[in-house]
Structure formats: C-alpha cells, structure tokens
Amino acid sequence: MASFNMPSLGADMEAGKLVEWLVKPGDAVKRGDIVAVVETQKGAIEIESFEEGVVEKLLAQLGETLPVGAPMAMIRSSGEVVEETEEKPREDKAASPVAPAPTAPEQVLPVSPTARPGTKDIAASPAARARAGELGLDLAMLKGSGPNGAIVLADVEAAQPSQPTPPPERQDFLAEMRNAIAAAMARSKREIPHYYVSHTIDLTRASDWLSATNAARPPEDRVLMGAVLSKAIALAASEVKPVNGHFGENGFEASDPVHLGVAIALRGGGLVAPAIMDADKLSLTALMAAMRDVTARARAGRLKSSEMSMATLTFSGLGERGVDAMAGIIVPPQVAIVTAGTPRPTALVRDGALVAAQAVTLTLAADHRVSDGRLGAKFLTAIEHHLQTPELL
Amino acid sequence: MTEDDIRRAYLEDLIRVAPDLDPAEISGADHLQDDLELDSMDVLNLVIALSKRFSIEIPEVDYPQIATLDLAAAYIAAQI
C-alpha cells in the first residue's frame, strides 16, 4: 500500500488546497492519470498519480489545505491483497492530515517583503502572512510549527478550519504569487552562487528560415522564434550536461532528458514556468504545439503537477517588445536558466565588415557549485551553433 | 455580418485566449501587446481563432492590422 502525498510543485510551494477529486475508492489509476485538482499560489494544478494500482481510500477532504508531503490517498498496487489491519493507521492519518510531513523537502522561509506593521518581528512565511491578513488573524496569536517556530500557512488555516472563505480576488492571488516568487528567489540567491555569461547571436538565418516556413503554413502550424530558441537551447543542453538537472541533498545529478521549463508571464504580474517534457527530442512543430498548449493552460490556471516540478532547465524570453538582455535567477533545484532579450536588428561584424543583422542576446545564469564560466560559454556557443542551421532543428 | 458582429466575435476569441481580461474594459484602440499585455503566443492563438471563425488567411505580415479591436474590425470586414 502506498500513500499518495501532496507533491511539491516547485520551490515556492509550501501547501496546496484540495478542490477536486477525480477518482474514488475502487478506481484503477496508472502513472500520469490525473487524480485531483489542487489550488496553489500558481493557480489550480492537476495532480497526476505517480503510482499504479487501485485507489483504496481518500484521506484528504475537499477544501482542506495540506502541506507538501501530507498523505492525500492510499493506493493499493495491482495484485496487493487488502489488509484489514491497515484500517487503523489510515484512520490516524485521516484524522491529522495537516501534520507536517517528515518528507517535506521545502520549508518555509521566515522572510516577508510585505510585513505588516507590528507583526514584522514574528517569523512567518509570506503565504501564511498573506493568508492571516486575508482572514483578519493576528499573527501574534498563532503558534508556529515551522523551523524555529515560524508560522506556516497550515498554522493559519488550522486557526480557522471551519470558516468558508470566498475565492480570493485576482489581486490577492497575484499578491500571493508574488510573495511565493519572492521567497523562492531569495532562497535561490542566498544558496546558489550564480555566475553569468552572455552572448549575442546572429539570427539572420533562423529568422529568414522561419519567415519562409511560416508563410507557407496556416496559422495553427506556424512556429514562433521562442520555439526555435527553445529547441536550440534544449539540444545544446543535451550536449552540455552540467546545465541540465537538479541539485539535491547529494549534490548535482545531471538529467539525460531535457525537460525545459518555459517562463510564461501572467497579466498583472506573476510568472509560471511549466516544463515541456523531452524538449530536445520533439520536432520543432511538436515543441511549438506543446508550448501553445501549456501557455493556454497557464492562462486558464490548469497546469499539471509534473509540469510544475520536473523542469531540468528554464528558458525565459522577453518576447517581441522587450529590451536587449535580461539576467535570470535560477529556479531551485535546477542549476541554470537561459534568458533571451528581444531579437532585433543589431550592428554585427561579419567578415570584417559592419552589418545590421537580426540578433538576440542570450544570458546564462548558472550554479558555480556545478560548473564555471568556461562551461557556460561552451553551452551558449552550442546554442549559437544550432541556431545557424535552423532547418535541422 | 455587421461590424458589430465582427467586434463581438473578436472580443469573444480574445477573451478565450486571455481569460483574465475583462471585455468591458477593452477599448477599440487598446493594443494587444502594449496595452493588453498579450505575448506572441497569445497573438498567434488569437490569429488561429480568427482565421478559423472567419475562414480568412491572416499572414504574419498582416499581424499589425489586427493589433487593436478597431484595426481588426476594418481588416476582417475587408477580407470576408
């Protein structure tokens, strides 16, 4: 019997609120099946099963907020015999679903950029602070269960368990997301020794090829420069491995698959970077279709749990109307992020002569615990190389 | 199809692409990218929706002509 737990959907998540069960006891599930919908600071996320078997019992109640790692359901693997003696421990778990789980990988940072007057000396997570403000609770009256007694979101929810609250307004939602981003990025900058390299790349061939290709295609088959850059980055990452993977308790583990997180800006502020699985293996057309799909679902607030947690490298582009360059902050547990300025006509030297050519400046922020500038330069050069043969992408 | 019908259809497709926009707050001169903060992926999704709905070709070079509600209404009316 395996317990199905609240997954960590990124470095900035501490808890999620169960809003929908898509399975019931007796249902067979396989890996990747969507079993529940959980509301997080990044919108509603569809939670996929990573177990195969039959749903034995649902432990979490609708509307309940559970910390990362808390058991949500029990899943009996195929062929496993139902053991009556398991009844008691299951009941115990069901009775205390908000107990902090021992496996929670993230704990909350006692950092808040938006401390309220009078409460700023109290250690509390940004999400807990925001929620307490929403509920009109005084943080000083709450008991914290986080590190050094810090108040975490679950403590605030526990203080007001039965009171139904209206769905938060979009502004509140965005403010919460901003707090979550702030906490994750502060942690990244504190723990990861970032180094940066940047390179301006001639896009003449890529943009000429793209215009010609798109002119012959109906809108639904057209490809954007963002997809071309993504494919070149994914291919380069499959060759220069120290930028692709996760840094965990045992140090860096390179990943063979390239699951490229693509940053999508949300209107009014906020950002999500869902992963495109195996981006290096997808054809450019398939990669473009996948990017369209995640963008649409990010806008509608319906991303999947695997997309929120499995990225091995992130790409963030400023799009068509930005500025020359941007330096990123690495999203833990990843070890690198590539950012692109806006592609635009730029003065380049080609064969000793000055030419105006379409170009883009890519900047790599990478983790010095894993690699150094020389490796970073090799990675950006590999991206440049792929962009010179766009027909092979 | 009247221009009002076209404008209504454009807004409908725009909201489907960007569900967090409020149709009541979109003016005819609002630019998709500069004012409504659509990115190039959203613009492409809108182009796809409009080209299907009206059965028209919208080549990439014409994208600036659908960049506001006012521009798009005139452009689409001329195409259908």
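Couple of notes before you dig in:
- Of all the residues in segment A:294-319, those that are free of Cβ contacts under 8 Å to residues at least 40 places away in the same chain and within 10 Å of chain B (Cβ to nearest Cβ) number 6.
- Qualifying residue in segment B:57-80 (condition: under 23 Å from A:ALA227 (Cβ atoms), facing chain A (nearest Cβ under 7 Å), within 12 Å of the chain's Cα centre (by Cα) and assigned to a helix (DSSP H, G or I)): no
- Counted as qualifying within segment A:1-48 are the strands (runs of 3 or more DSSP E) with 2 or more residues that are in contact with a strand residue (DSSP E or B) (Cβ under 8 Å, 6 or more places away or on another chain) and polar (S, T, N, Q), namely A:2-5.
- Restricted to segment A:95-208, the set of helices (runs of 4 or more DSSP H) holding at least 1 residues that are modelled with pLDDT under 85 and touching a Pro at 6+ places or on another chain (Cβ under 6 Å) comprises A:153-159.
Yes/no matrix, rows are residues, columns are (1) surrounded by 20 or more Cβ atoms within 10 Å (Cβ to Cβ); (2) touching a residue at least 40 places away in the same chain (Cβ under 8 Å); (3) more than 12 Å from chain A (Cβ to nearest Cβ); (4) not acidic (Asp, Glu):
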| site | (1), (2), (3), (4) |
| --- | --- |
| B:LEU11 | no, yes, yes, yes |
| B:GLU37 | no, no, no, no |
| B:LEU44 | yes, no, no, yes |
| B:VAL47 | yes, no, no, yes |
| B:LYS52 | no, no, no, yes |
| B:SER55 | no, no, no, yes |
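- Residues in segment A:49-61 that are more than 23 Å from A:GLU307 (Cβ to Cβ) and either under 24 Å from the mean Cα position of the chain (by Cα) or in the same structural domain as A:SER305 (by TED's automatic domain parsing) (or both): none.
- Which numbered condition A:GLU51 misses (of (1) under 21 Å from A:GLY301 (Cβ atoms); (2) touching a strand residue (DSSP E or B) at 6+ places or on another chain (Cβ under 7 Å); (3) acidic (Asp, Glu)): (1)
- Selected residue (criterion: farthest from A:LEU224 (Cα to Cα)) from residues of segment A:250-270 that are charged (D, E, K, R) and more than 14 Å from chain B (Cβ to nearest Cβ): A:GLU253
- Residues satisfying the stated conditions in segment A:337-393, i.e. closer than 14 Å to A:PRO242 by Cβ and polar (S, T, N, Q): A:SER371
- When residues of segment A:274-291 are limited to those that are away from chain B (no Cβ under 14 Å) and either within 14 Å of the chain's Cα centre (by Cα) or not charged (D, E, K, R) (or both), the one surrounded by the fewest Cβ atoms within 10 Å (Cβ to Cβ): A:SER283
- Count of segment A:196-223 residues which are surrounded by 15 or more Cβ atoms within 10 Å (Cβ to Cβ), closer than 30 Å to A:ILE329 by Cβ and either more than 10 Å from chain B (Cβ to nearest Cβ) or of a type in the set (Lys, Arg) (or both): 9
Yes/no matrix, rows are residues, columns are (1) out of contact with any strand residue (DSSP E or B) (no Cβ under 7 Å at 6 or more places or on another chain); (2) modelled with pLDDT under 95; (3) buried (at least 21 other Cβ atoms within 10 Å of the Cβ):
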| residue | (1), (2), (3) |
| --- | --- |
| A:LEU303 | no, yes, yes |
| A:GLU307 | no, yes, yes |
| A:GLN334 | no, no, yes |
| A:VAL338 | no, no, yes |
| A:PRO345 | no, no, no |
| A:GLN358 | no, no, no |
| A:ALA377 | no, no, no |
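The values are calculated or read from the model by the stated rules, or taken from the named source; none is laboratory data. What you are looking at is a predicted structure, and each value in this text was computed from that prediction instead of being measured. Every residue, glycine among them, receives a Cβ derived from its backbone with ideal geometry; neighbour counts consider all protein chains shown.
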